[in-house]
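Coordinate-derived values only; no laboratory data. Since we're looking at a predicted model, the values are computed, not measured. Here the Cβ positions follow ideal geometry from the backbone for every residue, glycine too, while neighbour counts run over all protein chains shown.
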Amino acid sequence: MPQFTGHHLIHLSEAPSTNSLASQLLPDQPAEGTVIRADAQTAGRGQRGNSWWVEPGQNLTFSLIYYPTFLPVAQIHLISKLTALAVREAVAYWRPEAEVLIKWPNDLLLNRQKVAGILIENQIGQRSLRSTIIGIGLNVNQQHWPPELAGRATSLAAIGAALSLDEVFADLLTRLETYYLMARRGQAAAIDQAYLQHLYGYAQRVKVQRAGQLYRERLIGVDAFGRLLLEGEAGQQAFDVKEVQILPEPLNPR
């Protein structure tokens, strides 16, 4: 049971975007751990400006507000890392037989298909973070996808029985708070180590696309600002989210 995450819960049947609603609440300084959950989103947002497509009432879409004023700006990406670890751990708990990996920058892969996405929006002070909005979309019971997502998206129920959304939600909030408190206690090194352990392609050659070209380069890691570190013919380079895309290989290529 979380100490504070989710104690103030706003649960809506429908919302344009839970991150947008959380942003509107911030000027009033809601309690830390406030969560906005929607059964359906009409304008959900993801990384790279993409939309987040979900079947109403089948998945979890929510945003939570934390105030990580203990984190210096130089450690801003720790929020993304701890969130990804919490979601990965939750997915692995419900589907222990499956491969569950973090795909940079903010996706979770279940057997190499996208099962969850994360959108972090930080508010930065002069030296440290003021607040962060963590948006999460987790595919739980959805079974049908639009043609453009067929074979690329999946859900927990796609490889097992349907699950209670409320049970998955409660479990995930507990894990999110656990990792957040680790960061508060100064355990950044442990979070970094766990993140790399579960990062798709870490210390391996991966297929990436950048500047319209395909490459196979060694994934070295992710720096403190969230840039992907790749090593290729030009040596080691750091890439921002808009500069490169990882293309996961199928789990069992034929």
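To the nearest 20 debye, what charge dipole does the chain have about its Cα centre, counting +1 at the Cβ of each Lys and Arg and -1 at the Cβ of each Asp and Glu?
Values: 23 positive and 23 negative charges, 125 e Å.
In debye, rounded to 20, the chain gives about 600.
About the Cα centre, and with charges only on the beta carbon of Lys, Arg (+1) and Asp, Glu (-1), how big is the dipole of segment 141-219? Nearest 20 debye, please.
Here the size comes out at about 560 debye.
In segment 9-197, how does Rg compare with the Kirkwood Rh, expressed as the Rg/Rh ratio over alpha carbon atoms? Could you put the intermediate results ahead of the total?
Numbers: Rg = 15.7 Å, Rh = 16.7 Å.
In segment 9-197, Rg relative to Rh is 0.94.
Where does the charge balance sit around residue 71 when Lys and Arg score +1, Asp and Glu -1, over other residues with C-beta under 15 Å from its C-beta? Please list the in-between numbers first.
Numbers: positive: 81, 127, 130, 184, 185; negative: 32, 121, 192.
Around residue 71, the surrounding residues sum to +2.
From the residues 128, 93, 142, which one has its Cα farthest along the dipole of segment 86-146 in the positive direction, the dipole being from +1 and -1 charges on Cβ of Lys/Arg and Asp/Glu about the Cα centre?
Farthest along the dipole direction, towards plus: 128.
Where Rh is the Kirkwood radius over the Cα pairs of segment 205-246, the temperature 20 °C and the viscosity 1.002 mPa s, what D in µm²/s does Stokes-Einstein return? Mind showing how you got there, number by number?
Values: Rh = 10.2 Å.
Once the numbers are plugged in, D ends up at 211 µm²/s.
Once the other residues with Cβ under 13 Å from the Cβ of residue 93 are scored (Lys, Arg +1; Asp, Glu -1), what is the net sum?
-1
Can you tally the net charge around residue 109? Count Lys and Arg as +1, Asp and Glu as -1, for every other residue whose Cβ sits under 13 Å from the Cβ of residue 109. All intermediate terms of the calculation are to be shown ahead of the outcome.
On the way: positive: 88, 95, 103, 112, 114, 152; negative: 99, 107, 249.
The answer is +3.
In whole Hz, what ³J(HN,Hα) sequence does segment 132-149 give by Karplus (6.51, -1.76, 1.60; θ = phi - 60°), x for Gly and Pro?
Once rounded to whole Hz, the list reads 9, 10, 10, x, 10, x, 10, 6, 9, 10, 5, 10, 10, 9, x, x, 6, 9.
Within segment 1-143, what percent of beta bridges assigned by DSSP are antiparallel, to the nearest 5?
Values: 30 of 35 bridges.
Within segment 1-143, antiparallel bridges account for around 85 percent of the total.
Starting from the amide H of residue 130, placed 1.01 Å from N in the peptide plane, find each other amide H under 5 Å away whose residue is 5 or more places distant or on another chain.
123, 124, 125
What is the order of 198, 11, 77, fewest Cβ neighbours within 10 Å to most? Don't skip to the end; give the middle numbers.
Working: 198 16, 11 12, 77 20.
By the 10 Å Cβ count, ascending, the order reads 11, 198, 77.
Arrange 243, 89 by Cβ neighbour counts within 10 Å, fewest through most, would you? Could the numbers behind the result be given before it?
Numbers: 243 13, 89 18.
Listed from fewest to most nearby Cβ atoms, that is 243, 89.
Would you calculate the separation in nanometres between label points at residue 93 and residue 184, each defined as 7 Å from the Cα along the Cα-to-beta-carbon direction?
Modelled inter-label distance: 1.8 nm.
Counting other beta carbons within 10 Å of each Cβ, put 81, 103 in order, fewest first. It would help to have the intermediate numbers written out before the result.
On the way: 81 23, 103 20.
The most exposed by this proxy come first: 103, 81.
Filter the chymotrypsin sites (Phe, Trp or Tyr not before Pro) in segment 145-254 down to the DSSP loop ones having no more than 14 other Cβ atoms within 10 Å, then list what survives. If you can, show how the numbers build up before the last one.
On the way: sites: 169, 179, 180, 195, 200, 202, 215, 225, 239; in loops: 200, 225.
Here the sparse-neighbourhood loop sites are 225.
Compute the relative contact order of segment 209-248 as a whole-number percentage, counting only Cα pairs closer than 8 Å that sit 6 or more residues apart in sequence. Don't jump to the answer; show the numbers that get you there.
Working: 50 pairs, mean separation 14.7, N = 40.
Contact order relative to length: 37 percent.
Quick one: check the C-alpha center-to-center distance for segment 81-116 versus segment 223-254, whole angstrom.
If you average the Cα positions of each part, the centres end up 18 Å apart.
Mind listing the phi-derived Karplus ³J(HN,Hα) values for segment 116-126, rounded to whole Hz, using 6.51, -1.76 and 1.60 with θ = phi - 60°, and x for any glycine or proline?
Values per residue, Gly and Pro as x: 7, x, 10, 10, 9, 10, 9, 10, 10, x, 5 Hz.
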